[in-house]
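Here's the structure we're looking at; comments come further down.
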Amino acid sequence: MNAIVLVTTNEPLRKLHPAVQRPGRCKAQVEFQPLPAEQANRWLAGHGSDSRVDDPTPLADLYALLAGEEATERPPFGFADAA
């Protein structure tokens, strides 16, 4: 079977178990950083929003602003340490 599995997480990549990241198991590691405030504000304006941010902001929070929601602190989701 040829299968590619996509795993997404809010955990930093360095926190993933090394077995998941080793060559042959992990085709790519892609980490999305928050957009700088200037870029985030251009994105908001380009999507017709009058909202503005002062700090680097994740894209998910920008979509929340478009929907009229306040971005909230979310607990991390992903692989947890068994310790």
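What follows is calculated from the coordinates using simple rules that are stated; it is not laboratory data. Every value quoted in this text rests on a predicted model; they were computed, and no experiment measured them. Every residue, glycine as well, gets a Cβ built from its backbone with ideal geometry; the counts of neighbours run over all protein chains shown.
How would you rank 55-65, 30-40, highest first, on the average number of other Cβ atoms within 10 Å across their residues?
Top of the packing list down: 55-65, 30-40.
Taking 7 Å along the Cα-to-C-beta vector as the label spot, tell me the H17-R42 distance in nanometres, rounded to one decimal.
Reported label-point gap for H17 and R42 is 4.2 nm.
Would you kindly calculate the mean projected area, averaged across all directions, of the convex hull enclosing the Cα atoms of region 1-76, in square nanometres?
7.2
Give me the extension gain from Q29 to E70: residue separation times 0.36 nm, minus the current Cα-Cα distance, reported in nm with one decimal.
11.8 nm is the gain from fully extending Q29 to E70.
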